[in-house]
1. Treating the angle as unsigned and between 0 and 90°, give the value, to the nearest 10°, between the Cα long axis of helix A:13-22 and the longest Cα principal axis of chain A.
2. For segment C:520-541, list residues with backbone N below 20 Å from a point placed 7 Å from the Cα of residue C:553 toward its Cβ?
3. Using r as the Cβ-Cβ distance of residue A:280 and residue B:122, and R0 as 30 Å, what FRET efficiency do you calculate, to the nearest 0.05?
4. Over 22 Å apart: what share of the alpha carbon pairs of segment C:604-725 falls there, rounded to a whole percent?
5. Over all directions, the average projected area of the alpha-carbon convex hull for segment A:56-169 comes to how many nm²?
6. In vacuo Debye scattering of segment B:4-78, one point per C-alpha: log10 I(q)/I(0) at q = 0.18 Å⁻¹?
7. Bin width 10 Å, alpha-carbon pairs only: give the P(r) of the protein assembly as shown as whole percents, running from 0 to the bin holding the largest distance.
8. Rounded to the nearest whole Å³, what is the per residue volume of the convex hull around the Cα atoms of chain B?
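Values quoted throughout were computed directly from the atomic coordinates according to the rules given, and no laboratory measurement underlies them. Since we're looking at a predicted model, the values are computed, not measured. We place every Cβ from the backbone using ideal geometry, glycine too, and count neighbours over all the protein chains shown.
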């Protein structure tokens, strides 16, 4: 039975929006999530299939004054190799370096990674550290802070007919520092799905951190901002006791599950250990 | 399956026209429609790299790619890697340096190696290892594959 | 013994003969075979772990357009497969595991076949299931096979010496239980076959089998076709590692579909199916008691193992034969007893897997060697050297170590790695959460075949054409390991020809002579000997013909670079092709054709499992240096130093490739691979969650080859295919103890398990 009745590969955002508005549609770009999902049946085919890979306007990294904009079709390799991002937001480049394999990085897009809304999404954690926003388009344009974007495993605020077009964030200040650690459960640099990932960012002055951001991946139903931990750390000097207390607090904010990749107990251990290590490394 | 669309693309340097179901993967198109068996199906979930092809010069897993996305593009499979005089320099090195045992992962390794050599001619051995992290091999333990790519790198460096 | 001192091909890194067609994608694997009119087969597997099949309705599937046949057990002779003859290809009344095959479809496309499977209606009546072999031994346990109401299809008992006396002689006795886990082969080329009948009922199977001749014999009664009407063609094989050593239900199923439809049928697994349905390595629970005198002399080993046999019997049930060898003969132990109970459960069943029980046995034995050394206050190297056998010793199990490089392997690996000093230093303790450790372990494995079948031989037929080109027909299969190339080297060396003049044919059972199969690391040794001797017969014939023609004595002549030359000066006397032509077109016309069937001088074990079962034995030692992060449990292998007694290096790259690949496989077994089976269900049937070692993870590997020049091996070589994967897990667990002071008794050493163990004192 042919579920798909119509296939289009629009070249402009406008065309894509109109197609999305015209009926029940499934969108794909690099295919790295969508193709295996439709094969296993975890994502359903729809009557309209839209290939947005050809909307070249949506691919690219640019700086507009103090804002950095990344088009949704920017690939993970684009991010990894971007001189602009290396200079302004190296934590995002570090995460791209921990993403799957070279072949997948060449095809996977930032829009796809966020839209897939996995709690382990490798790019989500650094983007949360950067206070990123996503731009969503249907008939209207709306901007949603990334902290509000994820609703649960595989679910986001994206509405039917809506497409994620850009991610953007303020270019961090010179004294902004950020770290991202992905723990895959072994010695593979990138190929593993995260067991947990931890990101810490802020402005360092002496041994104190302010404008603190702490984000955890694969530790909750969505990529998580550990806001209690952030509040606890705000302005404090990062001595051993503070770091240990912050690490313990981050763990309490997480609600990891047990699955084939690791037990909840182990994830909690790692959250504490990795948060502690990242905080120690930041100053 | 789903309805078919005719696509036009360049395959290993020659123009091709193929009708493919819109939900078909590039891998299935290559193996089942075009009957080209050099590109291997190892896992169908983008983990093993045996299906690596080049699309517009960039290496991707054919099992994760939509065939329709090849429309208008230039696709290279393992069958297109030969040089004018036979095997490419990388292929020759794979042969000479025993980078091949059962050979099932080999087309994917050669494709990814070819991409890495063209994309990052300054890479180190550590970069090579990262570069083939998405190509699984059960026979060789990777050492001779890495050596063959490193030798190819040396060759291109000494030529330039 | 002939050791060729100055060689042209032996010992050289000759490129692999089949590599060119593999690097271009031209090599055709079973997945690539296309035959006119070919249909696609798919298998419907059980969705219950233990149940009666109450209703099986295939009518809707049969009606689907594009379906040519749907078969169930009722359509087959019902003759079971396997070592235990307990595995019917299609299950009729009862299913006993999730991989159980209950129906099969042949259709025009894979898609249609898969859709047809979805239309087959099955009703089950669940039966109580059992997943723990100990539970399966209880009186009230569910019975899996009526013929074995106690769920015990096999039990083995082995004794040497007198264990009670050994215990009495001991100053220290240790006991531990070791738990070894499910892992799977992960050949990059999945399982599959293509079957085709001709109009006269002759069957051709394109099979990845590692044993084409035994395949014919064993599958014949199952499919109801006499063996002489079965032809086995082997396509390029995408990895074996023992997974293709037995016949699994999908092969006769493919054949049944071909017969039913009258068309060729290709049946290939998906990767998920490969994880679920192909045989695993035998999981073992092994309790070892070891004794030692305070002067460091080993006294006894007493072993009790329980084997989870899974639902049906395959070669996993015979791993006790190999485990026994390590228990009885790895290092000198006078007294030993070994009892195994093989128990049915509703789990996946195990087959043969590179090392065949030896990884499991060595893990236990070599863990205890370290513990015993510590108990008598000797360093791990000195303790092992003290108990290492020397050349000429015969073990109490009857294995004759004509050559034995064990001592040299220990010394070499230890010296090149700086083991003794590092071990002492690391044992003192280190600051910080990341700690280093070194560990050492050795292995003993058969190196010259294993006489577990009535013949352990291999046949070769060799012919030369008028152009000096040689065709070698060998019964030995090429599964990627390079046996073809090694055979060509032996032949080229004898006949003084370039490798390019040698063509090896090994993939058609209709034309190649018998070989028992690729297993027991036997191919270089046995097929190599066979080919070398056939080539020597050809050499003799050629030299004698040349001697007659030239009026010289054959002893004055040599064959070099496709010429007949003077042996002493190298002066070219006549081209080889020219000689052959003159032989062919003489009055008494003759061509060069020779044959050799080589049976190694090993003996089958007697009823007490004793005997010199292999023509040669391989030894090796590996030292592992690792780093463990004691706060995350992550182990990083920094360096492996491997010293292997290989008899003689025939192809340097080939043997390095076996060590490099074997080490990666052994590392996976120790650290990253775990087929998670819960209540009979495989939880991680995909590469995403079943982790084999990847390129960035490989350690520095320093290899040393100890050439003990085996008297029976071809040019002195021993088999080495399995050895490199066997002892690394033991070396790793010993290194982990060196680093942390915590000893682990089960695998794998994944980060979570290590962290738990370190926190609990393991």
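1. So the inclination is approximately 70 degrees.
2. C:539-541
3. Numbers: r = 33 Å, r/R0 = 1.10.
Computed FRET efficiency for residue A:280 and residue B:122: 0.35.
4. It works out to 51 percent of all Cα pairs.
5. Its average projected convex-hull area is 6.7 nm².
6. Log10 I(q)/I(0), no solvent term: -0.59.
7. Once binned at 10 Å, the Cα pair distances of the protein assembly as shown give 2, 9, 17, 22, 21, 16, 9, 4, 1, 0, 0.
8. Convex hull of Cα atoms, per residue: 108 Å³.
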